[in-house]
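Accompanying notes for the structure given below.
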């Protein structure tokens, strides 16, 4: 077994990695029924921002603002995963929307996404993984 196969990330490392990619997943839960949705996003300064159209994500955030967010990436030798938890809100003020419009956040698919959602992160953690073969299960 490799001692450094799993490494806990510092908060700064977790934010740095979260900011290095654009695709993540938001986890929502209403009435005991969890949902998870892929979103493209921008992260930084204690926030995660994404755009969305009308529908399930907005409805569920209106009922339960407590969310989880996860992003990850990998290459042939290693990978990482960051999980953030916090409260989500739909941006409604002209000032907030104008500031969000300045972000380089564009939809990946050709649909209208008029709504910005911002997650105020209250907890963030992450791990880096070193890939390799599975250790012998039953050593002799």
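Bear in mind that the values in this text are calculations on the coordinates, not laboratory data. Please read these numbers as outputs of a predicted model, since none were measured by experiment. Positions of Cβ are generated from backbone atoms using ideal geometry, with glycine treated the same way; all protein chains shown enter the neighbour counts.
The calculated Kirkwood hydrodynamic radius for the chain is 16.5 Å, given to one decimal from all distinct C-alpha pairs. This ranking places 121, 63 by how few other beta-carbon atoms lie within 10 Å of each, fewest first, which gives 63, 121. Simple spin-label estimate for residue 97 and residue 45 gives 1.9 nm between the two label positions (7 Å along the Cα-to-Cβ direction from each Cα). Approximating the spin labels as points 7 Å out from Cα along Cα→Cβ, the residue 11-to-residue 122 distance works out to 1.5 nm. Label positions at residue 130 and residue 77, each projected 7 Å from the Cα along the C-beta direction, are separated by 1.1 nm. Radius of gyration over Kirkwood radius for segment 65-140, both on Cα atoms: the Rg/Rh ratio is 1.19.
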